[in-house]
Every structure is written in structure tokens, then in C-alpha cells.
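I have placed the structure first, in the form of C-alpha cells, so that the comments after it can refer back to it.
The values are calculated or read from the model by the stated rules, or taken from the named source; none is laboratory data. What you see is a predicted model, and the numbers here were worked out from it, not measured in a lab. Ideal geometry is used to build each Cβ from the backbone, glycine not excepted, and the neighbour counts take in all protein chains shown. Just the protein is used for accessible areas: all its heavy atoms, side chains included, with ligands, DNA and RNA removed. Shrake-Rupley method; radii C 1.70, N 1.55, O 1.52, S 1.80 Å.
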Amino acid sequence: QYGVIQPWFHRWGDRSNMITIPRMLETAKAQGVKIILQFNTHALFDGGDFRYIKTLPEERMKRENPLEAGTFNEANLALVVERNRKLVDFVVKGGYLDTIAYWEMDNERWDLKGDEYAKVVAAHMAMLRAKLPGAKTIVCLGELDAWSPNPMASHYVAWSREVLTGLKDRGWAGKVDCFAPHLYPYLSDSTNQIHADHLADYAVRNVNRSLDLLATLMDQAGFERSTFYVSEWGVQSDGVASARRN
């Protein structure tokens with residue numbers, strides 16, 4: 001019933017478009033496909049209500065995003081971790097362990113502060129590795145903003161540095177397999193402004209700059225052995241989609 005939930009649910013589909021995790025695992029196992037299983041680390045439905053790891057008073061929930069405006073709630077985090085513990089148990093008991101290539105710690109949690117996301121990741125990593133010491137993990141990172149004149153002050157770079165530092169401070173340096181930046185090197189121009197050589201040069205240079213900068217931050221925080229898993233990668237194509245999101 002909350003506005004922060006409805007736009008996503010109604011905009012992107014209804015229940016007929018959704019697939020359950022058991023069905024997804026069954027299908028992947030039957031086809032011999034390995035998948036990335038992504039934890040929802042930020043919220044859960046407890047059968048009667050949605051609980052977020054950051055909470056707001058009831059009267060504000062309908063107009064504000066609790067993850068951005070709320071207060072971090074350790075008790076709710078514990079509930080979310082416990083829910084995901086049951087998911088790990090389901091995977092193991094159901095014989096799906098060989099179907100999971102990586103366990104990913106949610107997706108693009110920019111609405112949390114970097115250190116908050118690090119706290120959430122650390123709690124889930126501790127739970128997961130206690131059950132499955134060899135589990136391969138993926139943690140989110142932010143990419144470099146387009147045409148950033150001051151890369152280190154870029155919002156997503158600063159956020160990424162805070163995530164990495166937060167994980168290091170909690171004892172996880174060197175223990176994360178992969179970090180996942182999502183690369184979208186858009187020029188945000190229109191078709192009549194674009195030149196093929198300009199686009200190719202920009203896209204290649206900005207991706208290289210972004211990955212070089214993130215790799216340096218990872219090394220500085222003690223994640224020298226971690227690698228990138230770029231699970232989203234966009235390219236500009238004015239002829240196919242809008243210049244805003246092409």
C-alpha cells in the first residue's frame with residue numbers, strides 16, 4: 001500500500017510476469033545452467049507488512065523512500081539476514097547448490113549510504129560464509145560519472161570508496177570475490193550531434209577510466225585479489241532508444 005513500493009510493482013508488471021525462486025532454480029538445474037542468486041538485503045515482507053532495514057514513521061512511508069530518509073534499524077537487518085539464511089538452507093536442502101555460480105548482495109543500493117550498504121553486506125557475508133565457506137560473492141560498486149571533472153568527488157566513486165572502507169573496517173578485506181560496477185557510458189546527446197569516432201573514443205576512455213579508478217580504490221582497501229563482474233553494460237544507440245536512457 002505504500003507509494004515507494006507501488007511504482008515498481010505496477011510499472012514493471014504484475015504477478016503474471018513474476019517467477020518464484022523455486023521455479024527459477026528448478027528450471028536452471030534442469031537446463032544445466034548456473035545462475036547468480038541475488039539476495040534482497042534491504043527489505044522483507046513478513047506476511048502482513050513490508051519491513052525495511054531503514055525505517056520511517058507510518059505517516060511518512062507513503063510519500064518517502066525509507067531507505068533514503070529512514071533510520072537504520074539493526075533489528076530489521078537481523079530479520080532480513082534470517083530470511084536470507086532460510087533461502088540458503090532451501091538451496092542446500094533442495095540440491096540446488098551446484099546451480100549457484102555466485103551470490104550477489106542486492107542491486108544498486110545507491111539509496112543507502114555507502115557505510116550502511118557495507119554493514120548490510122558484512123552481515124550477509126558472515127551468514128553465508130558460516131554456512132558455505134566456499135561461496136562466491138558479488139558486491140555492488142558505482143561507476144564514474146560521465147565527463148566527471150573531479151573523479152574522486154564523483155558521487156558514485158565516493159560511495160564506492162565508503163563501501164570498500166566499511167567492508168575493510170569490518171574485517172572483510174580480501175574476502176570478496178567480485179565487485180560489480182554497472183557501466184553506462186552515455187553521452188546524453190541527440191542523434192544529429194553524435195559522431196561515430198567521438199562515441200567510440202568516449203565510451204572506451206570512460207569505461208577504462210572508471211574501471212582503473214575503481215580498481216585503485218579496491219587495491220587501497222585491501223581487495224587486490226578481487227575481480228570485476230560487470231553484470232550490466234550499456235551502450236549509446238540513438239537510433240534505438242531515447243537519448244536519456246539509450
inquiry  = One residue is enough: does the range 107-120 have a residue meeting the conditions modelled with pLDDT under 95, within 20 Å of the chain's Cα centre (by Cα) and on the phi > 0 side of the Ramachandran plot?
reply    = yes
Item to complete: Determine if the range 128-144 includes at least one residue that is touching a residue at least 40 places away in the same chain (Cβ under 8 Å), among the aliphatic types (A, V, I, L, M) and in contact with a Pro (Cβ under 8 Å, 6 or more places away or on another chain).
Response: yes
Among helices (runs of 4 or more DSSP H) completely within the range 1-85, the ones holding 2 or more residues that are modelled with pLDDT of 80 or more and open to solvent by 50 Å² or more (accessible area, probe 1.4 Å) are 21-31, 58-61
Going through the range 214-246 in order, the residues found to be open to solvent by less than 30 Å² (accessible area, probe 1.4 Å) and modelled with pLDDT of 95 or more are Leu214, Leu217, Met218, Ala221, Gly222, Phe223, Ser226
Within the range 115-132, restricting to residues that are among the small types (Gly, Ala, Ser) and within 16 Å of Ala221 (Cα to Cα), the one that is surrounded by the fewest Cβ atoms within 10 Å (Cβ to Cβ) is Ala122
_For the structure I just gave you, tell me whether Pro149 is assigned to a loop (DSSP other than H, G, I, E, B) and closer than 21 Å to Thr216 by Cα._
yes
Note on Ser160: of the conditions (1) farther than 20 Å from Thr227 by Cβ; (2) not in a loop (DSSP other than H, G, I, E, B), unmet is (1)
Output for Cβ contacts, cut-off 9 Å, separation at least six or different chains, first residue more than 10 Å from Val139 (Cα to Cα) and outside any loop (DSSP other than H, G, I, E, B) in the range 98-109, second hydroxyl-bearing (Ser, Thr, Tyr) and open to solvent by less than 10 Å² (accessible area, probe 1.4 Å), reads Tyr102/Thr137
